[in-house]
Amino acid sequence: EGIDHPAVFPIALPQFILEAYTDAGDVVFDPFGGSGTTMLAAQRTGRISRSVEIAPAYVDVGVKRFQQNFPGVPVTLLGTGQTFDEVAAGRLEKAG
């Protein structure tokens, strides 16, 4: 997939855990979002994903992976309601 993260693991791993220990519609919290693998597994299995990641570059990796796998599903920043594209554009304005 060309993912820029040092510890990407197969989506099937968290998917198995989610299916074994949660029900569709449950909220799944991942305090170490990383490359977004748990978020992808949650979407695949009908769970609601909430992720936290302190490294902005890895947030971008996770969101981009999600958008590639689920292009019709909106991704928003909970605090502001902004889309990923809006947040990215704002970063460019500040940097430029």
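I want to confirm something. Restricting to the stretch 9-22 and keeping residues that are assigned to a loop (DSSP other than H, G, I, E, B) and either farther than 12 Å from A42 by Cβ or of a type in the set (F, W, Y) (or both), which single residue is modelled with the highest pLDDT? The extreme case among them is P10. Here H5 meets the list (1) modelled with pLDDT of 85 or more; (2) surrounded by 12 or more Cβ atoms within 10 Å (Cβ to Cβ) almost entirely, failing just condition (1).
Looking at this structure, is F29 among the aromatic types (F, W, Y), at pLDDT 90 or above and either open to solvent by less than 90 Å² (accessible area, probe 1.4 Å) or not in a helix (DSSP H, G or I) (or both)?
Working: among the aromatic types (F, W, Y): yes; at pLDDT 90 or above: yes; either open to solvent by less than 90 Å² (accessible area, probe 1.4 Å) or not in a helix (DSSP H, G or I) (or both): yes.
Taking the combined requirement at face value, the residue satisfies it.
For (1) under 22 Å from A7 (Cβ atoms); (2) out of contact with any Ser or Thr (no Cβ under 7 Å at 6 or more places or on another chain); (3) assigned to a loop (DSSP other than H, G, I, E, B); (4) open to solvent by 70 Å² or more (accessible area, probe 1.4 Å), each residue gets a yes or a no:
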position: G33; (1), (2), (3), (4): yes, no, yes, no
position: M39; (1), (2), (3), (4): yes, no, no, no
position: I54; (1), (2), (3), (4): yes, yes, yes, yes
position: G62; (1), (2), (3), (4): yes, no, no, no
position: F66; (1), (2), (3), (4): yes, yes, no, no
position: P71; (1), (2), (3), (4): no, yes, yes, yes
position: G81; (1), (2), (3), (4): no, yes, yes, no
position: D85; (1), (2), (3), (4): no, yes, no, yes
position: A88; (1), (2), (3), (4): no, yes, no, no
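The values are calculated or read from the model by the stated rules, or taken from the named source; none is laboratory data. Predicted model only: the values in this text are computed from it and were never measured. Heads up, the Cβs are rebuilt from the backbone with ideal geometry, glycines too, and the neighbour counts pull from every protein chain shown. Just so you know, the surface numbers come from the protein's heavy atoms only, side chains and all, with ligands and any DNA or RNA stripped out. Shrake-Rupley method; radii C 1.70, N 1.55, O 1.52, S 1.80 Å.
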